[in-house]
Every structure is written in structure tokens, then in C-alpha cells.
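The structure under discussion appears below in the form of C-alpha cells.
A short reminder: the numbers here are calculations on the coordinates, not readings from a lab. As the structure is a computational prediction, the values presented were derived from the model and not from experiment. Here the Cβ positions follow ideal geometry from the backbone for every residue, glycine too, while neighbour counts run over all protein chains shown.
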Amino acid sequence: MIAHREILQIYRETSEMSETTATGVRAAAHIGSRHGLGVVCGLAAGVWLGAAEAPTKLVNSGLSPFAISLCMVAGVFTARWTVPTMLKGSRYVFADLAAKKHLLITAILAGMLWAVANTLTVFAIRDVGLTIAFPLWNTNSLVGLMWGRLLFGELKGASAKNIAKVVLGALAIVAAAVMLGFSTFHGNGSGTVHAGRAVSGILAALGASLLWGTMYIPYRKAYISGMNPLSFVTAFTIGELGTMVALVLALDGGTKAAVFHSPEAKHMLFWLFLGGFVWVIGDLFQQFATKYLGIGRGIPLSNTNQIWGVAWGALVFGELAHADLAHKLLVVSGSVVMILGALAVSTAVATAREHSSTNDSLVRECTRYNLDYHSVFQAYAGTGTRGEEEKRGWWDYVIVAVAAGAFLYLGVNARVPSLAIDFRWLCVLSGVLFVTAAMGGWALWKATRFS
Amino acid sequence: MTLFETTRTILTDSHFVIPLLVFCAGLALLIALH
């Protein structure tokens, strides 16, 4: 609930506006009360997305990057039917998807964008190395910021102070991600530029940035149309998995691709599926952050994942054990810059005028697709009424059992590689994961019942 | 809305057309680089 003081402030500000604008502001004011929730989700997304890479470090297979991506995406798809199914039953999700059929294709398209962008990074690394490619594709949150402003009126009507906080904060997080990324690069080809392929490598990295940044358009569109993030992720994972299968078939050896025949793959699938599980939880938090903060604030906050990725690499896998002073300085300075950037973005609380332009976006969607404004607004603000369809069916438990069974089967057949792991830090960082999920999950349940 | 109207509305919506064009460009780039 919004505090009385905030409501008074909103009404004081709206008294100077036209009646139409003021109605929009009053309606959208409720959205403003979700700022703190959005920040919690954005930061939780960073923690989980940063940890998603950790299990994949246990895979030393010789499989192609396409195959590794495909296995991880298959894990994401399977994991979507575990914990998330228990948050909202499949009846609710399918009713939500059926009520907004026009968004199905958009959510699938978002998954397809992710898959092509991820594959482009493989080509970028091949042609110009990580040192050049990584900073280029990391600018995707700035592309998202641009689309947020142009297509959804984000930051429209915002104070100069807030605009500066969001833009500079996002820039700081990108810069910090690059610094942290550099701290883990070593001489093993990470900086290799192949003569004659520099242009194609740079194009691939910029392409990945553009595709990932554009992927946030469907994210935001879904939420201003009142779709639930769990429903969006369901369609998203289908687009992601379908495109990865198509890319492996088209570019990685077709049906003869090693991933379909290698006996070794069976022993490593568990780690990739585990990475997929961690990723899908992080992605769900990112979706909720995008819903409650918008692209401009939500994506930079969840892009703090780099700091957690480096923490897992350095503390659990000892990746910085032999790092020189310059690399250690990069870690410290990158972490400080990232924290400052996240602080700037998370304290840029939108004003009534900015909420008004958010409301305009909602009205646009309702008019264009003949949606009921009040139910869309309630869904957007996370205050929708709980219907019969929210109850879990018996089949939901069967779905969860089958998905969990798949993880169990792969876990039994998993081979633990001989890799030096610091179990003390593994426990600490796993604890951080669980605490973050519990806090974020509790906050979402308490405020919105995962709506 | 009828299926035709919905399809027409989607295909003239910048929120769909921009991601679709970017996807096509990305796929074309991927094929060219392969």
C-alpha cells in the first residue's frame, strides 16, 4: 500500500496537471509503490544470473559451444516446469496466455532473439577474441534503455536528476562489467584477433548487443499488457529451445551433431541443466524487475550479475589465484564502480509525471488490442484478484515430478570432474543464493502473490 | 478481434516489427558468418 504522505504528494503534483493526465498519474501512482520490490528483484536477478555460469565450469567435454548452449537451454526449459510451476499452476499460466494470444508470438520471438544473440557471441569470440567482443555485447542494457525511452516512454517526464542517475548508473554498470570481465581474461586466446576477420567479429558482437537489447522490448510489452512473468517465460523458453535446436541442426552438423550421439554428453548434462535451472530463477527475477521498474532501471540492475560471476570464479574455482596486481585492481575497482552504478539506478525513484507516461503505454496497449484497462492495470500493478484458475491441478504435481525426475536421473549419471573447488566458499555463495531467493520470493509473494 | 484484425494489428505494431526485423538481421548475419 502507498503511504498517505506519498498519496498526498501525488495529488499535490497532479492538481497542476490536466484532468486526463492527472487521472493517469493517480492510476499509475500505485505502480510507484513497487519500486522497492523491483529493486529487490533486479538485484536478486544479478545474484542468480551470475551463478548460472558456475555449474557449466564443471563441463570439460570438447562439445561445441552450440551443443553446450542447446543443453543449457534444454535445462532452462525443464527447470521452468519445476519450482515456477508451483508458484502459479499451469491452469493459471495457460489461461493468462490464452487471454493475451497476441503476446504469444512476441514472447517466442524474444526467446529466438536470445538464442541467435548467444550464438553470435561464439562467432565474435572466434574472430576478435573476448577482449574486444565482451565490452561490445555488454552494451545491450544501453540498447534496452534506448528502446525503453523510444517505445515505452520510460524516463519521459523524469527529473534531470533521475535521468542522470539512470543513464550514468547504467553506463557505470556496463563499464564495471567490462572491468570485471577483463580481470578473468588470460592470455589463452582471449585477445586474439584473426587477420581478415576483425570486421565480421565486431559485427557479430555488435549484433549480439543489438539482439539482446531488443529482446527487452517483448519483455516490457508483455507486462504493460498485463501478462504474468511466469506466462511470458513459458513461451520464451519454447522460442529459445526451438531456435537452439534449429541452429544446431543447421550449423553444427545436423542430426549427426555430437551432442545427439556422444556418450560423454550424458555424464555432463546434469551440470548444464543445473546451470539452466539457476538461470531460469535469475531470469524470472529479471522479468519481475522489468515489470516493476521498466527496462531502463531493471536491466542494468540485473546486469550486476558480472560481479557474482567473478565471485564464483575467483572464490570457488580459484580463477584469480595467480592473478597479478593489475587484475586484482580491476576486480576491486570494477566492483566499486558496479556497486555505485547499482546504487544510482536503485535510488532513481520515478516521479508522478514519469508514472503518467507509463500509464499512457498501458492505455496504448489496451486501445490497440482491445484489452480491458482495469484488469490490465490490476495485473500490471500486481493487485489482480485471485481466481479459480490459480489453484494447482493434480497434473501440476505430475509435471513437477517428471521435471524433477529428469534432474534426478541426470544427477545420478553425472560425473564429477576433478576440479579444485573451495567448498567453504561454495557453501557461502550457495547460502547467498538461497537467502536472496527467499527474500525476493517472499517480497513478491507478500506484495503481489507472484502476479 | 478477429484473427485477421489481430494479425494486422500485430504486423503494424512497432513493438513487434522492430524485434522481428532485428531478429531477421541477426539471423542473416549469423548465416553470413558461418
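Anything in region B:18-28 that is of a type in the set (A, V, I, L, M) and within 14 Å of A:Leu150 (Cα to Cα)? List them, or say none.
Across region B:18-28, the qualifying residue is only B:Ile18.
The rows are residues; the columns are (1) more than 14 Å from every other protein chain (Cβ to nearest Cβ); (2) under 22 Å from A:Gln286 (Cβ atoms); (3) not in a helix (DSSP H, G or I).
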| residue | (1), (2), (3) |
| --- | --- |
| A:Ala379 | yes, yes, no |
| A:Ala401 | yes, no, no |
| A:Gly411 | yes, no, no |
| A:Val416 | yes, no, yes |
| A:Ile421 | yes, no, yes |
| A:Val432 | yes, yes, no |
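From the list A:Val128, A:Val122, the one residue that fits, being away from chain B (no Cβ under 11 Å) and more than 30 Å from A:Asp360 (Cα to Cα), is A:Val128. Only one of the numbered conditions (1) within 30 Å of A:Gly157 (Cα to Cα); (2) surrounded by 21 or more Cβ atoms within 10 Å (Cβ to Cβ); (3) not charged (D, E, K, R) is violated by A:Phe270, and that is (1). crowded, with 24+ Cβ neighbours inside 10 Å and among the hydrophobic types (A, V, I, L, M, F, W, C) - does that describe any residue in region A:318-335? Scanning region A:318-335 turns up no residue that is crowded, with 24+ Cβ neighbours inside 10 Å and among the hydrophobic types (A, V, I, L, M, F, W, C).
Which is within 11 Å of another protein chain (Cβ to nearest Cβ), in a helix (DSSP H, G or I) and either crowded, with 18+ Cβ neighbours inside 10 Å or free of Cβ contacts under 8 Å to residues at least 12 places away in the same chain (or both), of A:Ala170, A:Ala110? Reasoning before the result, please.
Values: A:Ala170 fails: within 11 Å of another protein chain (Cβ to nearest Cβ).
Sole residue among the options that is within 11 Å of another protein chain (Cβ to nearest Cβ), in a helix (DSSP H, G or I) and either crowded, with 18+ Cβ neighbours inside 10 Å or free of Cβ contacts under 8 Å to residues at least 12 places away in the same chain (or both): A:Ala110.
For region B:23-34, the set of residues classified as farther than 14 Å from A:Thr243 by Cβ, facing another protein chain (nearest Cβ under 7 Å) and surrounded by 14 or more Cβ atoms within 10 Å (Cβ to Cβ) consists of B:Leu29, B:Leu33, listed by residue number.
Of all residue pairs spaced 6 or more apart or on separate chains, those with beta-carbon atoms under 8 Å, a first member in region A:141-163 that is within 11 Å of another protein chain (Cβ to nearest Cβ) and a second member that is among the aliphatic types (A, V, I, L, M) are A:Val143/A:Leu210; A:Trp147/A:Ile217; A:Trp147/A:Ile295; A:Trp147/B:Ile18; A:Leu151/A:Ile217; A:Leu151/B:Ile18; A:Phe152/A:Ile224; A:Phe152/A:Ile295.
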